[in-house]
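Values quoted throughout were computed directly from the atomic coordinates according to the rules given, and no laboratory measurement underlies them. Model, not experiment: these values are computed from the prediction. Every residue, glycine as well, gets a Cβ built from its backbone with ideal geometry; the counts of neighbours run over all protein chains shown.
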Ligand code: SF4
């Protein structure tokens, strides 16, 4: 079928109202930029879920990074987005303005050079991310071990997708289908979502980020949703891979083994949602010397009481429904986590409004 045929189908859909959620910050950005929501039937609702790793990191995590950055002979290094995310009182950027030692880096490997140059100084890397990013941290750990570098620690806020998707399904999110994250699936394989689609009877479409791939993924999701009873009766999977150029069923097994070597699952707090069992990844006890105290960072604080990030992250409301959106809360004056990161749904809605 031609792309135009898929678009026509989505445009002319007149069945029951359906809500599809994307759970990937890059999908949030790609969907907002493409304008797809304005082209398809108003009966197909596209909502954003907790797909931005920076947005879902709790304020207790930011507070801990700030406390470390204030310790003598210690520097906190991390990616740019994390510098602006609010903690209980202020962000890492604001803490830097008050004298805390904070450095923005472009890659975790940049810390290796710093640590070698200043062996008496401690570097703490603020490691956030989902299944996509975790293998990068295993490369950093490999290098630290190989080079016998002992002055780098990781403060992790690493998360995995299936437990939070299960949590959303169990907590009344009313999602009819998920646009499964393409980048995550490169590492985990499309099989990562099989158990969820079976348990909840909800379709998952793994897809890419170009407008064409998004149209194909949303069309595939709608068709699976329309035929789900039939598919189930035939024993067919409700997880389909529409991104076969880079995603396989099994994923990158070498990266998976590396992650398994260094990390183990544990409970994690998601901003706005609270603690979700087994949704975090933590350094295994044998690597505890490299951990800067990542477990139990559970404080979850709102900088503005009217901020509705929690409901936005659960797909219960759109950013437009927040009374602060575009008025008090803008990318230059973010009042909540979803407006801070470029992968946040409020940020993207604001840019593409
Ligand atoms: Fe929070 Fe701002 Fe989004 Fe409202 S618009 S939910 S205040 S981030």
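Hey, what angle do you get for helix 3-12 against the long axis of the chain, alpha-carbon based, 0 to 90 degrees rounded to 10? Roughly 70 degrees, rounded to the nearest 10. At q = 0.10, 0.14 Å⁻¹ the log10 of I(q)/I(0) for the chain amounts to -0.61, -1.14, computed by Debye summation with a single uniform scatterer per C-alpha, solvent ignored.
Take peptides 134-143, 206-215 and line them up by average Cβ neighbours within 10 Å, highest first, as a rough protection proxy. Before the final figure, lay out the partial values.
Values: 134-143: 17.8, 206-215: 20.9.
The packing order, highest mean first, is 206-215, 134-143.
Could you tell me which of rounded, prolate or oblate describes segment 90-178, using a ≥ b ≥ c as the square roots of the eigenvalues of the alpha-carbon gyration tensor, with rounded for a/c under 1.5 and, failing that, prolate when a/b is larger than b/c and oblate otherwise? Taking the square roots of the gyration eigenvalues as a ≥ b ≥ c, segment 90-178 is oblate.
Could you calculate the contour length gain from residue 98 to residue 146, that is, 0.36 nm times the residue separation minus the distance between their Cα atoms, to one decimal place in nm? Write down the numbers at each step before the final one.
Numbers: separation 48, 0.36 × 48 = 17.28 nm, distance 3.60 nm.
Length gained, residue 98 through residue 146: 13.7 nm.
By the helix-only formula, in which each DSSP H run with n ≥ 4 contributes -39500 (n - 2.57) and the sum is divided by residues, the chain has a 222 nm mean residue ellipticity of -10500 deg cm²/dmol. Model label sites at residue 342 and residue 286, defined 7 Å from Cα along the beta-carbon direction, differ in position by 3.9 nm. Its convex hull of Cα atoms gives segment 309-351 a direction-averaged projected area, equal to a quarter of the hull surface, of 2.5 nm². Note on residue 333 and residue 139: the model spin-label points, each 7 Å out from Cα along the C-beta direction, lie 4.1 nm apart.
Mind giving me the FRET efficiency for residue 232 and residue 89? R0 is 51 Å, r the Cβ-Cβ distance, nearest 0.05 is fine. Efficiency at R0 = 51 Å is approximately 0.50. Computed from the Cβ-Cβ distance with R0 of 56 Å, the FRET efficiency linking residue 107 to residue 4 stands at 0.85.
Once you order the gyration tensor axes a ≥ b ≥ c over the Cα atoms, which shape class does segment 50-140 get: rounded for a/c under 1.5, otherwise prolate or oblate by comparing a/b with b/c?
On the way: a/c = 2.16, a/b = 1.06, b/c = 2.05.
Since a/c reaches 1.5 but b/c is at least a/b, the shape of segment 50-140 is classed as oblate.
The calculated FRET efficiency for the pair residue 118 and residue 254, based on their C-beta separation and a Förster distance of 41 Å, comes to about 0.80.
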